[in-house]
Amino acid sequence: MDSKANIGVRYCGGCNPRYDRVALVRRLESLLPGMALIPARSGDHYPAVVVVSGCSSRCANVSDLALPPGKLVYLSGWEDLLPAKEQLEALIQEAGQERSLDHAEILAILPHRAPMLFVDSASRLVPGGSVTASFLVRPGLALFQGHFPGCPTVPGTLLAEAAAQAADLLFLTLERYAGKIPLLMGLRKARFHRRVLPGDTLELHASLLEERPELGTALCRGQVFVQGELAADMELRLAFRDISKPAPPAGAG
């Protein structure tokens, strides 16, 4: 490995310190010479985050982290040291499969087009795993003419759609879903935390929670950040379908 991978670390409040948490993290880092364990910051991307708890209650706040639950590695005592090492090694190996997508590649994958395309590029994509994408909220978007005149604000429904389109990239880059139409079938646990304005850049994070290939459906977590601050967080139910073009009207030539 040419450079060390940065692994985030998030500590609980330390109300029940039954062991030296800092010493355990330092020991874990010594077992992983290709990784650097650093404090996890809200909105930053990490291949994984180590959550260090003083006991088994796991009370550390991780709701602001831009990564799926599967990328959280928990330490509740020295007995977790070797399992955590193995988990981190596996996650770093997965991160080595990342690729990026420019705008032309986005257009070749997503069926959406303006004015309903809300992904410009993807800085990192692990097909079937997780993605980080971005979208510049251009001041000239037609939606601002009505939402709201004199007080332009990106609607929450657009943030959900942007997160869903980022999630679509996880599956449309897999052979079994190539060429299918992605449909947003459900939205739950949606929370909108801040106003999003013209000129903001959306950082879109999506990750797989559950897939049912036999049904062509998936459940994903979607997050939207603006300047490192969480703007929206939700779960997205997606379906991928073959949709034929409608038949032409009778008598059409």
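The values are calculated or read from the model by the stated rules, or taken from the named source; none is laboratory data. Computed from a predicted model, the values in this text were never measured in an experiment. With ideal geometry, Cβ positions are generated from the backbone for all residues, glycine too; neighbour counts draw on all protein chains shown. Please note that ligands, DNA and RNA were not included when accessible areas were found on the heavy atoms of the full protein model with its side chains. Shrake-Rupley method; radii C 1.70, N 1.55, O 1.52, S 1.80 Å.
Applying the selection to region 211-233, what residues are within 15 Å of the chain's Cα centre (by Cα) and either open to solvent by 10 Å² or more (accessible area, probe 1.4 Å) or among the β-branched types (Val, Ile, Thr) (or both)?
Step one: list which residues in region 211-233 are within 15 Å of the chain's Cα centre (by Cα), which gives 218-226, 228-233.
Across region 211-233, the qualifying residues are Leu219, Arg221, Val224, Val226, Gly228, Glu229, Leu230, Asp233.
Go through region 123-134 residue by residue and tally those that are in contact with an Asp or Glu (Cβ under 8 Å, 6 or more places away or on another chain) and either of a type outside the set (Gly, Ala, Ser) or open to solvent by 50 Å² or more (accessible area, probe 1.4 Å) (or both). Steps first, please.
Within region 123-134, the first condition is being in contact with an Asp or Glu (Cβ under 8 Å, 6 or more places away or on another chain), and the residues that meet it are 124-126, 128-129, 132-134.
If we keep only those that are either of a type outside the set (Gly, Ala, Ser) or open to solvent by 50 Å² or more (accessible area, probe 1.4 Å) (or both) as well, we get 124-126, 132.
Of the residues in region 123-134, 4 are in contact with an Asp or Glu (Cβ under 8 Å, 6 or more places away or on another chain) and either of a type outside the set (Gly, Ala, Ser) or open to solvent by 50 Å² or more (accessible area, probe 1.4 Å) (or both).
Being open to solvent by less than 70 Å² (accessible area, probe 1.4 Å), among the aliphatic types (A, V, I, L, M), farther than 28 Å from Leu202 by Cα and at pLDDT 95 or above holds for only one residue in Leu28, Leu101, and it is Leu28.
With respect to the conditions (1) farther than 22 Å from Glu105 by Cβ; (2) modelled with pLDDT of 95 or more, Ala164 lacks only one, and its number is (1).
Residue count for region 39-66, restricted to those that are open to solvent by 10 Å² or more (accessible area, probe 1.4 Å) and touching a residue at least 60 places away in the same chain (Cβ under 8 Å): 6. Going through (1) crowded, with 17+ Cβ neighbours inside 10 Å; (2) small (Gly, Ala, Ser); (3) out of contact with any Phe, Trp or Tyr (no Cβ under 7 Å at 6 or more places or on another chain) one by one, Ala36 falls short only on (1). Annotation note: Cβ proximity below 8 Å between a residue of region 1-17 that is under 18 Å from Glu94 (Cβ atoms) and of a type in the set (Val, Ile, Thr) and a residue that is part of a loop (DSSP other than H, G, I, E, B) and at pLDDT 80 or above (sequence gap 6+ or interchain) occurs for Ile7/Leu32; Ile7/Tyr46; Ile7/Pro47; Ile7/Ala48. Here Leu208 meets each of (1) touching a residue at least 40 places away in the same chain (Cβ under 8 Å); (2) open to solvent by 40 Å² or more (accessible area, probe 1.4 Å); (3) within 20 Å of Arg113 (Cα to Cα) with one exception, condition (3). Can you spot a residue in region 137-154 that is at negative phi and either part of a strand (DSSP E or B) or under 14 Å from the mean Cα position of the chain (by Cα) (or both)? For region 137-154, residues at negative phi and either part of a strand (DSSP E or B) or under 14 Å from the mean Cα position of the chain (by Cα) (or both): absent.
Screening Ser76 with (1) open to solvent by 20 Å² or more (accessible area, probe 1.4 Å); (2) touching a Gly at 6+ places or on another chain (Cβ under 9 Å) gives one miss only, at (1).
Return yes when Val154 is without any contact (Cβ under 8 Å) to a residue 60 or more places away in the chain, open to solvent by less than 70 Å² (accessible area, probe 1.4 Å) and in contact with a strand residue (DSSP E or B) (Cβ under 9 Å, 6 or more places away or on another chain) and no when it is not.
Values: without any contact (Cβ under 8 Å) to a residue 60 or more places away in the chain: yes; open to solvent by less than 70 Å² (accessible area, probe 1.4 Å): yes; in contact with a strand residue (DSSP E or B) (Cβ under 9 Å, 6 or more places away or on another chain): yes.
So Val154 passes the test.
All conditions in (1) of a type in the set (A, V, I, L, M); (2) more than 28 Å from Leu72 (Cα to Cα); (3) open to solvent by 20 Å² or more (accessible area, probe 1.4 Å) hold for Val137, with the sole exception of (3).
Going by what's in this entry, would Ser3 be described as hydroxyl-bearing (Ser, Thr, Tyr), farther than 30 Å from Glu211 by Cβ and either at pLDDT below 90 or out of contact with any strand residue (DSSP E or B) (no Cβ under 8 Å at 6 or more places or on another chain) (or both)? Spell out the reasoning first.
On the way: hydroxyl-bearing (Ser, Thr, Tyr): yes; farther than 30 Å from Glu211 by Cβ: yes; either at pLDDT below 90 or out of contact with any strand residue (DSSP E or B) (no Cβ under 8 Å at 6 or more places or on another chain) (or both): yes.
Judged against the criteria, Ser3 is a match.
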